[in-house]
Every structure is written in C-alpha cells, then in structure tokens.
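What follows is a short report on a single structure.
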Amino acid sequence: MSFTLPPLPYAQDALAPYITANTLSFHYGKHHQAYVDNLNKLLGDSKLGNESLENVIKKSAKDPATMGVFNNAAQVWNHTFYWNSMKPGGGGAPKGEIAKRIDADFGGYDKFKEEFKQAGATQFGSGWAWLVLDGGKLKVTKTGNADLPLAHGQKALITMDVWEHAYYLDYQNRRPDYISTFLDKLVNWDFAEANL
Ligand code: MN3
C-alpha cells in the first residue's frame, strides 16, 4: 500500500488574493506531493506502510532511526490539515461552541488572536502554529519543522504553516501580514468546531 496526495478541498485559485493559485500550485502541487512521494520511497515494502498515516507518525516519532519517515509522514498530515484549516470566505471571529470555548480558555477572541499571532511570528525558522485541545483545554502552541500535536498527546483543531514556502511568493518576508490575513480572511472555524 502507498499513500496518495489527498485532493485540495477547494480550487487552487479559491483563496486568492490572500493565498494565490501560484503559491498553491507550488505548495500543494510540489511540496505536499514531494512529502507523499518521499514517504512512500522511505517506507518501501516495510510493514509500517500498511498502517494509517496517524499510526505511521506515532510509531516513527522520537526514534532517530525513523526520523525521515516521521518528518515526511508528519508533513503529509500537517499539510492536509492546513488546507482544511482555511476556506474561501473564512476568517474573523468564530461562532458557536468553538467561540464559547475560546472565550472560556483564552478570555476572548482578541486574546486568542494575539496569542496565535505571537506563536506564528516567534516560531524561529520553519514550523507551524496550532490551536489544540490539551487535557480538555484549548491552547495555542507552535512546533518546529514537521513536529505536530499528535506526537505530544494533543488534539489539533487548526494549523497555520509558517514555513517560508507557505507565504514567500505572496508576502515575501512579511510573515506577520500573512498571519493576520490567515486569521482575518481564511481560517475555517467550521473545521475547528468539527475537530472539537
Ligand atoms: Mn508547507
């Protein structure tokens, strides 16, 4: 069995002008595809390849001998989760259960926003900013490179890619502008709520 690239949940130009089709053609079409291809190459005929992607991630985490498998498997998972963390016409403050939980655990949407922006802006080098459920409480976290909440016993609700390839074609070095745009125009709260 081998892993395949899941379809994007929208057209490549659907997030424009905030994230352009040009960015998605590279980020989804080249980077995400490369993680899938590398993972399949590294797994070869190994039995691990018959497991779910989540199990491959859990079983390869924290062992230096399987670091390549972990990095590529986690990046396959992270990117699929990231595409779903955005939608055309998304962004702004959430409604419903997720809004209540954000109010309860952060003291309001503005406080959450500040923390999430800070996490994304201060992740040194490549990585991810997350909204996670950790021990029944919502938290903002950041991870380096391919690392992800699943490897830390947390449940991911939303992620934002802060590797340069996620924003450089549209925002160059302006990572804070990309982060603000993600929150104001793109974030998919329906997805976060479904993950609760
Ligand atoms: Mn990426």
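The values are calculated or read from the model by the stated rules, or taken from the named source; none is laboratory data. Predicted, not measured: the structure shown is a model, and the values here were computed from it. Neighbour counts are summed over all protein chains in view; Cβ atoms, including those assigned to glycine, are modelled from backbone coordinates with ideal geometry.
In region 153-188, of all residues being part of a helix (DSSP H, G or I) and of a type in the set (A, V, I, L, M, F, W, C), the one that is nearest to residue 142 (Cα to Cα) corresponds to 179. Name the residue that is surrounded by the most Cβ atoms within 10 Å (Cβ to Cβ), counting only residues in region 11-46 that are among the hydroxyl-bearing types (Ser, Thr, Tyr) and at pLDDT 95 or above. Only one residue fits best here, namely 35.
Quick one: would you say residue 76 is among the hydrophobic types (A, V, I, L, M, F, W, C) and either closer than 20 Å to residue 129 by Cα or in contact with a Pro (Cβ under 6 Å, 6 or more places away or on another chain) (or both)? In short, yes.
Taking the listed residues 155, 185, the one that is among the basic types (Lys, Arg) and out of contact with any strand residue (DSSP E or B) (no Cβ under 8 Å at 6 or more places or on another chain) is 185, with no other qualifying.
Do we find a residue being surrounded by fewer than 16 Cβ atoms within 10 Å (Cβ to Cβ) and part of a helix (DSSP H, G or I) anywhere in region 136-152? The answer is yes, given that some residue of region 136-152 is surrounded by fewer than 16 Cβ atoms within 10 Å (Cβ to Cβ) and part of a helix (DSSP H, G or I). Flag set for residue 146, criterion: outside the structural domain of residue 54 (by TED's automatic domain parsing), in contact (Cβ under 8 Å) with a residue 40 or more places away in the chain, in contact with a helix residue (DSSP H, G or I) (Cβ under 9 Å, 6 or more places away or on another chain) and within 15 Å of the ligand (Cβ to nearest atom). Going by the conditions given, is residue 10 among the aromatic types (Phe, Trp, Tyr) and in a helix (DSSP H, G or I)? Judged against the criteria, residue 10 is not a match. How about region 157-177: which of its residues are more than 14 Å from the ligand (Cβ to nearest atom) and crowded, with 23+ Cβ neighbours inside 10 Å? The answer is 157, 158. Set side by side, the residues 158, 179 differ, and just one is more than 29 Å from residue 66 (Cβ to Cβ), within 16 Å of the chain's Cα centre (by Cα) and at pLDDT 95 or above, which is 179. Scanning for something touching a strand residue (DSSP E or B) at 6+ places or on another chain (Cβ under 7 Å), modelled with pLDDT of 95 or more and either buried (at least 18 other Cβ atoms within 10 Å of the Cβ) or closer than 21 Å to residue 161 by Cα (or both), does region 47-54 turn up at least one residue? No: region 47-54 contains no residue that is touching a strand residue (DSSP E or B) at 6+ places or on another chain (Cβ under 7 Å), modelled with pLDDT of 95 or more and either buried (at least 18 other Cβ atoms within 10 Å of the Cβ) or closer than 21 Å to residue 161 by Cα (or both).
In this structure, residue 191 does satisfy being more than 16 Å from the ligand (Cβ to nearest atom), in contact (Cβ under 8 Å) with a residue 40 or more places away in the chain and either outside any strand (DSSP E or B) or not assigned by TED's automatic domain parsing to the domain that holds residue 100 (or both). Consider region 37-65 and keep the residues that are polar (S, T, N, Q) and not in a helix (DSSP H, G or I). The one that is farthest from residue 129 (Cα to Cα) is 46.
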